[in-house]
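J.: One structure coming up, written as structure tokens, with questions to follow.
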Number of protein chains: 2
Amino acid sequence: MKKKEHKECLSALVPVKDTLDVIGGKWKILILISVWEGNRHFREIERSIPKLSTKVLAKELKDMEVNKLVIRTVVNGFPVRTEYTPTEYSKTLQKVINELRNWGVNHRKEIFGK
Amino acid sequence: MKKKEHKECLSALVPVKDTLDVIGGKWKILILISVWEGNRHFREIERSIPKLSTKVLAKELKDMEVNKLVIRTVVNGFPVRTEYTPTEYSKTLQKVINELRNWGVNHRKEIFGK
DNA sequence: TTTTTTGATTACCAAAAGGTAACTGATTAC
DNA sequence: GTAATCAGTTACCTTTTGGTAATCAAAAAA
């Protein structure tokens, strides 16, 4: 009997891992939704998500900028304002997030209800 | 201007979080794929995934059993064998994982290539 | 008899993630 | 002058996560 090859399995997994790096974790999707909803400024986003700390928000927004989900622009001025706007590209995630949501809805039924 | 309501946003997010609890993290999808590929016994699965430790595999397999992704059966016997088999239900994740993979493939192009 | 293999569990330690609070610097309102 | 707001940064500490190695019981192989 041949030994099993696992290379294939692992390489197919890299892009899945990539995606989870971008939207996995506790806050990323929450932040994305907040920005999609119209929250633009740092404090505005922060206040819109209970329990989210300044530190984590700053880190997550940086990641999201690198991943082209939001654009950060500094509005020169008075009490220094920063604007985070969602990119068009970020909307390609909506389908993925929908799939995650649908499966989750069904999974609850599978584990509890039914 | 009305204050924004975030209740809706948050409740829509619960199932997404549920799904990420089930397949998020470093190992869950790897283990699932390993089992789908035909690895059945604890050591077999362990050896199929480099860097995965006994402790983490044991914990993850328990979670996966609770979530009905695998069935654990003890084959009474000689050096005590345990069998993990993927459920039919686990296959409902293939669509989700595919979406994650597709987005990841495209994302690499977006961030690097192009 | 000793070693090996099986599927785990446990104790112990290291690393990573995350929270809190203080502080920056500029400006406006009181 | 004092306080507050904006967008963070930093230091410090706690919690969570994860890895390593030892151990268990039971049987087969040496």
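The values are calculated or read from the model by the stated rules, or taken from the named source; none is laboratory data. Just so it is clear, the structure is predicted and the values come from calculations on it, not from any experiment. All Cβ positions, even for glycine, are placed from backbone atoms using ideal geometry, and neighbour counts span all protein chains on display. For accessibility, only protein heavy atoms count, side chains too; no ligands or nucleic acids. Shrake-Rupley method; radii C 1.70, N 1.55, O 1.52, S 1.80 Å.
J.: Taking the Cα centre of the protein assembly as shown as origin, work out the dipole magnitude from +1 charges on Lys and Arg Cβ and -1 charges on Asp and Glu Cβ, in debye rounded to 20.
T.: That gives a dipole near 280 debye.
J.: List for segment B:84-114: residues with 40 Å² or greater reduction in accessible area, all protein chains versus chain alone, probe 1.4 Å?
T.: Residues of segment B:84-114 that lose at least 40 Å² of accessible area once the other chains are added: B:89, B:96, B:99, B:100, B:101, B:103, B:107, B:108, B:110, B:111.
J.: Next question, about the same structure. How far, in nm to one decimal, is residue A:25 from itself in the other copies if the label point is set 7 angstrom along Cα toward Cβ? Shortest first, please.
T.: Relative to the other copies, residue A:25 has label-point distances of 1.8 nm.
J.: Further question: How crowded by other chains is A:27-35, given as the mean number of beta carbons from other chains within 10 Å of each beta carbon?
T.: Neighbouring Cβ atoms belonging to other protein chains average 2 per residue here.
J.: Over 29 Å, how big is the tail of the calculated P(r) for the protein assembly as shown, in percent of all Cα pairs?
T.: 37
J.: Hey, got the dipole for segment B:55-109? About the Cα centre, +1 on K and R Cβ, -1 on D and E Cβ, debye to the nearest 20?
T.: Charge dipole of segment B:55-109: 240 debye, to the nearest 20.
J.: In nm, to one decimal, how far is the modelled label at residue A:43 from the one at residue B:62, with both set 7 Å along Cα→Cβ?
T.: 4.6
J.: Let me ask you something else. According to a simple spin-label model (label point 7 Å from Cα along Cα-to-Cβ), what is the distance in nm between residue B:74 and residue A:88?
T.: It works out to 6.0 nm between the two label points.
J.: Tell me, rounded to the nearest percent, the portion of alpha carbon pairs in segment B:11-111 spaced more than 18 Å apart.
T.: Result: 52 percent of Cα pairs exceed 18 Å.
J.: With a 1.4 Å probe, what is the total accessible area buried between chains B and A, in Å² rounded to the nearest 100?
T.: Rounded to the nearest hundred, the buried surface is 4200 Å².
J.: Further question: Under the rule of -39500 (n - 2.57) per DSSP H run of 4 or more residues, summed and divided by the residues of the protein assembly as shown, what mean residue ellipticity at 222 nm is obtained, to the nearest 500 deg cm²/dmol?
T.: Computed ellipticity for the protein assembly as shown at 222 nm equals -18000 deg cm²/dmol.
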